[in-house]
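The values are calculated or read from the model by the stated rules, or taken from the named source; none is laboratory data. Bear in mind that the values here come from a model prediction, so they are computed numbers and not experimental data. Because the Cβ atoms are built from the backbone with ideal geometry, glycine has one as well, and the counts that use them run over all protein chains shown. Note: accessible area is taken over every heavy atom of the protein model, side chains too, but ligands, DNA and RNA are not part of it. Shrake-Rupley method; radii C 1.70, N 1.55, O 1.52, S 1.80 Å.
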Amino acid sequence: MKHERLEMEEDIMQLLRSKATELLLREEWMESIQVYSQLVSLCQQQLSENHDKSDSDGLSKLRKTLRLAFSNRAEARFRLGYFSEALEDCDRALDIEITHFKTHLCKGKILLNLNLHIGASDCFKTALLHLQGNEHSETLHGYLERSKRLEFQSRTGNLDLSDWVLSGFRGKSPELAEYIGAVQIKRSEKSGRGLFATKDIEVGTVLLFTKAVATVRGILPEPAEDSDLDSTESARLVMWKDFIDKVFAATTRCKKTRGLISTLSGGEEEESLSVPDISLFRPETEELFSSEEKIDDMGRLLNVLDVNCLTEDAISAKVLGKNCDYYGVGIWMLASFINHSCDPNARRLHIGDHLVIHASKDIKAGDEITFAYFDVLLPLNKRSEMSKTWGFYCKCKRCKFEEEISSRGEIKEIELAFERGSDMGSVVVRLEEGMRRWMMKGKEKGYLRASYWAAFSGAFGSEKSMRRWGRRIPAEEVVAECVTEAVGGDERVLRVAIQGLRKHGGGLFEMEKALKLGRCVYGKVVKKQALRALLEL
């Protein structure tokens, strides 16, 4: 009777193995996990009942089946993004057979996705030691090279996107690691908590790059004239729902994501929130988060996303590659701590699902890192209106300076002329003559030129204005450099600078000036030849 039961259980195991393998090959990951879990339970039960029996061949066969179930379930969990559970399965499989090639390969891939590149390299090296034949040799060497390259990126922050740029962004976006530079989170005078530099940082230097928890992208339709329902807004709402679902799924799969989401502001009083240590955001710190943490309050999650998500087409951002054809929204954890300033010192590049943040002007140790939430090439009154829509009052040096001089009669007259849409050349000349009388220099001139950038841009684009006012309007590159020094890099300012530099022949000196301004917009992520291609010189 017992013999018949054992035979029946063996038949069941064989059936489960066949069914699970079929599901795995068909990439039906969740279904295969369920069947492999049944197989694991059955194997463990039989091993427990027969651990003291003398049938060593039977026990060895059972352990081999259990190892296979753990290893294949790890692969399925990895494909679904359940990385912690997949790692546990890998370790259980290796406890049974430490030399199992397939499990070492799977564990290496999981660690690679978790940006634990040294551990991933060790797994791939071990897999190579236990490789039988050359079937997977090229694949393993490829994984080893990826691990080394990404480990170098995560350690140094050095990026070189030159080949991708020069190819016209063909193929997939470059694979990037996770990198956190010389930054820390502290209390901010601007708003709640902020990101601060821990050492002097040169313009163009990459401050951090990180992968989104979730993103959604789509092409927004043009609003239909004969429809009461705004089709663009409807499309945004559909994308927003999809985005929320993706973020919630990510928090369900990963305890670290759950923990990091809980550190973000949901719009409550910032003073009530603790200041998280920067180490929490490093890839190797998952063990600091409790697996029991859950996102039970959907209302708070929605508030967190509303406060912290970023759109890819923002004025302070540049999208490289195929993403630029779409409207995109996402959430990047550490970037959520960066506050707004009308005098920003950082910009962001969107590359695939990664966000790269770089210094758009020199930053001193202890300075807060900021980027623009809205267009800062606007007069003070327009920026104040934008601040209100974002729910804060900007207190940066630039806004304070402009508030102090806003009561001057001449400033009010210039503002009125600008708003009436008068000859932009006339507005520029009045502003320049006023600044000379007021003895303004350096950043103060840059602030006002940035505030009336539309007037400068309009004058530069009008042959009539340029002929009428002549040298009373400063050269394009002079204004562009002044504005960039004051409020950081901006693509619109860069284009005007290039236009002015071309007028002077586009020689080596002018080229170097253009490249210097280009670093403010794109950062130090490409070599000169690729930067020239980005500038379209």
Per the 1/(1 + (r/R0)^6) rule, R0 = 51 Å and r from the Cβ atoms of THR232 and ARG472, FRET efficiency to 0.05 is 0.75
Counting only protein heavy atoms and using a 1.4 Å probe, what share of the accessible area of the range 96-207 belongs to carbon plus sulfur, as a whole percent?
48
At a threshold of 8 angstrom on Cα-Cα distance, excluding pairs fewer than six apart, so keeping six or more, what relative contact order does the range 9-135 reach in percent?
18
Over the chain, with neighbouring protein chains present, the accessible area per residue in Å² at probe 1.4 Å is 51
Return one number: the angle in degrees, 0 to 90 and rounded to the nearest 10, between the long axis of the Cα atoms of helix 491-503 and the longest principal axis of the Cα atoms of the chain.
60
What's the extension gain from HIS130 to LYS400 if we count 0.36 nm per residue and subtract their Cα-Cα distance?
90.6 nm
Calculated FRET value between GLU413 and LYS388, using beta carbons and R₀ = 22 Å, to 0.05:
0.30
Dipole of the chain, positive direction: furthest Cα of LEU80, ILE369, ILE219, with charges on the beta-carbon
ILE369
How far is helix 409-420 tilted, in degrees, relative to the longest principal axis of the Cα atoms in the chain, given as a value from 0 to 90 rounded to the nearest 10?
70
Can you give the direction-averaged projected area of the convex hull of the alpha-carbon atoms in the range 1-148, in nm²?
9.4
Rounding to the nearest 20 debye, state how big the charge dipole of the range 155-216 is about its Cα centre with +1 on each Lys and Arg Cβ and -1 on each Asp and Glu Cβ.
340
From zero up to wherever the largest Cα-Cα distance of the range 372-430 sits, split into 5 Å bins and tell me the percent of pairs in each.
3, 17, 25, 23, 18, 11, 3, 0
Computed FRET efficiency, Cβ-Cβ of GLU268 and TRP438, R0 51 Å: what is it to the nearest 0.05?
0.75
Scan around ALA214 for amide H atoms under 5 Å from its own, H built in the peptide plane at 1.01 Å from N, and keep only partners 5 or more places away or cross-chain.
ILE331
Subtracting the Cα-Cα distance from 0.36 nm times the residue separation, let me have the gained length for GLU88 to ARG253 in nm, one decimal.
58.0 nm
Write down the radius of gyration of the range 373-490 and its Dmax, each obtained from C-alpha positions, in Å.
13.8, 44
Based on DSSP H runs of at least 4 residues, each adding -39500 (n - 2.57), what is the mean residue ellipticity at 222 nm of the chain after dividing by all its residues, to the nearest 500 deg cm²/dmol?
-17500 deg cm²/dmol
Alpha carbon convex hull of the chain, projected area averaged over orientations, nm²
32.7
Counting every Cα pair in the range 419-466, what percent are over 12 Å apart?
61
Pull out the extension gain between ILE98 and GLU463, defined as 0.36 nm times the separation in residues minus the alpha carbon to alpha carbon distance; nm, one decimal.
123.8 nm
Positive end of the charge dipole of the chain (Lys, Arg +1 and Asp, Glu -1 on Cβ, about the Cα centre): tell me which of PRO174, MET439, SER32 has its Cα farthest that way.
MET439
Accessible surface of the range 334-468 [probe 1.4 Å, protein heavy atoms]: carbon and sulfur percent
50
For the range 131-190, give the magnitude of the charge dipole about the Cα centre (Cβ charges: +1 Lys/Arg, -1 Asp/Glu; no others), in debye to the nearest 20.
420
Lysines with Cα under 20 Å of LYS64, excluding same-chain neighbours fewer than 8 positions away:
LYS19, LYS53, LYS102, LYS107
At q = 0.10, 0.14 Å⁻¹, base-10 log of I(q)/I(0) for the range 115-260 (Debye sum, equal scatterers on each alpha carbon)
-0.64, -1.08
For the Cα atoms of the chain, what angle does the longest principal axis make with the long axis of helix 101-113, in degrees from 0 to 90, nearest 10?
20
